[in-house]
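The block underneath contains the structure these notes are about, expressed in structure tokens.
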Amino acid sequence: MTNPNPVAPASWSVVDGHSLRREFKFPDFAAALAFVNRVGETAERQQHHPDIELGWGRAVITTYTHTANGLTPKDYALAEAINGLI
């Protein structure tokens, strides 16, 4: 079941009412990689896995529920948990 009135968590954007997206900036590749690894650990604990884009000094996280083809409470919970990693 998708969320009919999506409101993004702090610093996240709702993209086309379908997914949550946030770009994170870091001072170098190593810091971005360490963050992405923490995101991966969090995703495993929640059994909800985002799309992750990693580059020098940046990481972009996009999450949506594939089985619902849209946003569900799992996406909001994951975004909030990722916010707590900063």
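None of the figures in this text is laboratory data; all of them are computed from the coordinates on show. Remember, predicted model here, so these are calculated numbers, not experimental data. All Cβ positions, even for glycine, are placed from backbone atoms using ideal geometry, and neighbour counts span all protein chains on display.
Descriptive notes on the structure:
- Taking the longest Cα principal axis of the chain as reference, the axis of helix 73-83 is set at about 20 degrees.
- Compared with the rule-of-thumb size 2.2 N^0.38 Å for a compact globular protein, the chain has a Cα radius of gyration ratio of 1.04.
- With Cα atoms, 0 to 90° folded angle of helix 29-46 axis to the chain main axis: 40
- Basic side chains Lys and Arg get +1 at the Cβ, acidic Asp and Glu get -1 at the Cβ, and with that the dipole of the chain about its Cα centre reaches some 100 debye.
- Among ILE82, ILE52, ILE61, sorting on how many other beta-carbon atoms sit within 10 Å of each Cβ, with the fewest leading, yields ILE52, ILE61, ILE82.
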